[in-house]
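Single-structure report; data block below.
Derivation of every value follows stated rules applied to the coordinates shown; laboratory data play no part. What you see is a predicted model; the values in this text were computed from it and never measured. Here the Cβ is made from the backbone with ideal geometry for all residues, glycine too, and neighbour counts use every protein chain on show.
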């Protein structure tokens, strides 16, 4: 019985995490919400452009593949550039999502489960 309860709780948690959520503010129309959300996203992207560290600030580790010295240099450079780009993109996405969440909250919205 205990295993069933744990399994049920896990399934409910997964379903809750997959439930779509929308921004809600009492009295706000969907058009107003969409305008506010666009404004927050625009502001987030502008702030990111102002505050983002340069790509050189991102440190990554890459495995050195086998090959001749010339091939090795090229592969390491390409792998490092790709790793830095992924780190930068993850950082950007996180920054913008957090900024938009804070912006919408300041405007009086809250995230609610979509009906």
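How far apart, in nm, are the 7 Å Cα→Cβ label points at residue 110 and residue 22?
1.7 nm
Quick check on packing: order 87-99, 42-54 by the mean number of other C-beta atoms within 10 Å, highest mean leading.
87-99, 42-54
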